[in-house]
Amino acid sequence: MRRWWMLVAACLVLAVAAPLGWWLTRPSSAEGVAVTSVGAPSPSASSPSAPASPSASSARPAVPQVTARPATPADGSRPTTNPVSISIPGIDVRAAVDPVGVEKDGSMVIPRSVDRVGWYRYGPPPGSDAGAAVVAGHVDSKAQGPGALFRLREVGVGDRVDVRLADGRTVRYEVVGKETLVKKRLPTERLFARDGAPRLVLITCGGPFVPELSSYRDNLVVVAEPVGGAA
Amino acid sequence: MRPLRVLAATGAVALGLGLAAAAPSSAAGTSDVSVLHGVPGLTVDVYANGDKLLTDFKPGTLTDPVKLPEGTYDLAVFPAGEGPDGTPAIKADDVAVPSGANITVVAHLSADGTPVLTPFVNDTSRIKPGETRLTVRHTAAAPAVDVRAGGTPVFEGLENPKEAKADIPAAKVSADVVLAGTDTVAIGPADLDLKEGTNTIVYAWGSAEDDNLDLAVQTISGLHSAPGGVPSGTGGLLEDGLPMPLVAVTVVALAGAAFAGRRAVLATRRG
């Protein structure tokens, strides 16, 4: 009789422990700093000191000195530093990078092939002095299966991200934040900001899948900051 | 936003978005003002309110934008070294600079060849992601023109001192200027890199009669906006809830507990 009671207890422990253990060990959906806080302009930076107007009795504003430059059409050719590949060794992510723009509806183009990722070519490239270099890829697709960034949600603060550039240089980043954000309210103006501290923003899909829309509800966003000593 | 024209003699002009309530002491706001020199063969000094703003300003050059406090300005252009007490080559009095505008004042020739000052208000509204803004301004002593990109007319029948503009997909284009309705090339072609999120302002300047027509280019960047979203998954393979094997383990364990519990109760009754 006692044996049966012990079996009851063992089964109940297992029934509770299995989901609890999964829940405790699954990758967290948010970690580190808020992804929109990196590179945000400091509030004091926006007010330049007002020029004191020394024009004694004149009611008209004083005029500063100005510099001029030739207005000839520039050829606009500049050496490119496009990224060509990205790797996150900690979670076995390795993918080729395509420069991408926007779709007709204004959303970012994501390479059709799920094992490639896209770099938003209108924003700064990785390795720039300022702004967010945005790289995004499919988490998966119905036809092709898991994508290059399928395991991105397992990334943790401190993980290394290497981006190889077309000129052979590698820019090294370290993850500082991870967040799952509802797509409908994705703060794209902040995530794609071309000013502020240099950073890498990785975006894929996450959260629950909505079969009616063939789409996930959320975006998983990871932000990383450059670390010194590019290899 | 039509450009206002200032004749060489005198005349009051309201710059930009209407007359600023010109309380002179309230230096509340500023506007970004650039100056473009488009009068061939004349190196000048530019004065504003009697202060020298620019020295040895050469044709075909553009100033960096300068923040001018909101207020009223008397602008005068003198041949280099001759100001500010003589008769200016060009002048415009009581030019009202509003707050928060982006303005380019162009010294150029009118259609009949008279030097004039024309203030243009630059469109710095946000541009859709992936697009660029092309603005063209006719500031040359020349008849109406068409502006072509890659041989196709983009703007037609543009007259001095008017402007035309459009938001188009960002691209590198080969642009030229032809006499309106003809294939007679007046200027160019010139290669223009129309960058995303940037207003590229192209000026036709000079004089057709003197055969010195040319293009000047001003760019205003930072007008971009971010993409609307990042659609990056259609598979539904990502497990958001409890994985199936774990669900099975839990169900089997609960069933086992129920079974064992019944046996335990039965055993208790018997016992």
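Values quoted throughout were computed directly from the atomic coordinates according to the rules given, and no laboratory measurement underlies them. Remember, it's a predicted structure, so these values are computed and weren't measured experimentally. For neighbour counting, all protein chains shown are included, and Cβ atoms are generated from backbone atoms with ideal geometry for every residue, glycine included.
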**Message:** From the mean inverse distance of alpha carbon pairs (Kirkwood) and the Cα radius of gyration, derive Rg over Rh for the protein assembly as shown.
**Reply:** 1.19
**Fill in**
Between the residues B:149, B:129, B:236, the Cα farthest towards the positive end of the dipole of chain B, that dipole coming from +1 and -1 charges on the beta-carbon of Lys, Arg, Asp and Glu, is from B:236
**Message:** Going by Cα centres, the range B:108-144 and the range B:37-106 are how many Å apart?
**Reply:** 17 Å
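If we count other beta carbons within 10 Å of each Cβ, what is the order of A:164, B:148, A:94, fewest first? Please list the in-between numbers first.
Details: A:164 18, B:148 21, A:94 12.
Lowest count first: A:94, A:164, B:148.
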**Item:** Residue among A:158, A:197, A:147 farthest towards the positive dipole end of the range A:80-226, charges placed on Cβ
**Value:** A:147
**Prompt:** So what's the gap between the Cα centers of the range A:87-125 and the range A:12-27, to the nearest angstrom?
**Reply:** 35 Å
**Message:** Counting only other residues whose beta carbon sits under 14 Å from that of residue B:82, what net charge do I get with K and R as +1, D and E as -1?
**Reply:** -1
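Taking the Cα centre of the range A:151-231 as origin and charging only Cβ (+1 Lys, Arg; -1 Asp, Glu), how large is the dipole, in debye to the nearest 20? Present the calculation step by step, with values, prior to reporting the outcome.
Details: 14 positive and 11 negative charges, 22 e Å.
The calculated dipole for the range A:151-231 is roughly 100 debye.
Please state the charge dipole magnitude for the range B:123-224, taken about the Cα centre, from unit charges on C-beta atoms (+1 on K and R, -1 on D and E), reported in debye and rounded to the nearest 20. Can you show the working numbers first?
Numbers: 9 positive and 16 negative charges, 109 e Å.
Roughly 520 debye, rounded to the nearest 20.
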**Asked** Taking the Cα atoms only, what angle lies between the long axis of helix B:244-270 and the longest principal axis of chain B, rounded to 10 degrees?
**Response** 30 degrees
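What value, in deg cm²/dmol to 500, does the helix sum -39500 (n - 2.57) over DSSP H runs of n ≥ 4 give at 222 nm once divided by the residues of the protein assembly as shown? Before the final figure, lay out the partial values.
Numbers: 3 runs with 55 residues, N = 502.
Calculated mean residue ellipticity at 222 nm is -3500 deg cm²/dmol.
Rounding to the nearest 20 debye, state how big the charge dipole of chain B is about its Cα centre with +1 on each Lys and Arg Cβ and -1 on each Asp and Glu Cβ. Intermediate values should be presented prior to the final figure.
Details: 19 positive and 30 negative charges, 531 e Å.
My answer is approximately 2540 debye.
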**Message:** What distance in nm separates the two pseudo spin-label positions at residue B:267 and residue A:182, each 7 Å out from Cα along the beta-carbon direction?
**Reply:** 5.2 nm
**Item:** Alpha-carbon centroid distance for the pair the range A:165-189 / the range A:140-156, whole angstrom
**Value:** 15 Å
**Prompt:** Picking from B:253, B:181, B:138, whose Cα lies most toward the positive end of the charge dipole for chain B (charges on Cβ: Lys, Arg +1; Asp, Glu -1)?
**Reply:** B:253
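If you take the beta carbon distance between residue B:43 and residue B:67 as r and set R0 to 25 Å, what does 1/(1 + (r/R0)^6) give as a FRET efficiency, to the nearest 0.05? Walk me through the intermediate numbers first.
Values: r = 26 Å, r/R0 = 1.02.
Efficiency, rounded to the nearest 0.05: 0.45.
Whole number please: convex hull volume per residue, Cα atoms of the range B:123-224, in Å³.
Working: hull volume 7.9 nm³, N = 102.
Spelled out: Cα convex hull of the range B:123-224, divided by residues, is 78 Å³.
Specify whether the C-alpha gyration tensor of the range A:80-226 places it in the rounded, prolate or oblate class, a ≥ b ≥ c being the square roots of the eigenvalues: rounded for a/c under 1.5, otherwise prolate if a/b is larger than b/c and oblate if not. Don't skip to the end; give the middle numbers.
Details: a/c = 1.42, a/b = 1.35, b/c = 1.05.
Here the range A:80-226 falls in the rounded category.
With Cβ to Cβ distances under 12 Å as the rule, what net charge do the other residues near residue B:148 carry (K, R +1; D, E -1)? Spell out each step's value before the answer.
Working: positive: none; negative: B:146, B:156, B:176, B:183.
Charge balance near residue B:148 sits at -4.
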**Asked** If you take the Cα atoms of chain B, find Rg, then find the Kirkwood Rh from the mean of 1/r over all pairs, what is Rg/Rh?
**Response** 1.45
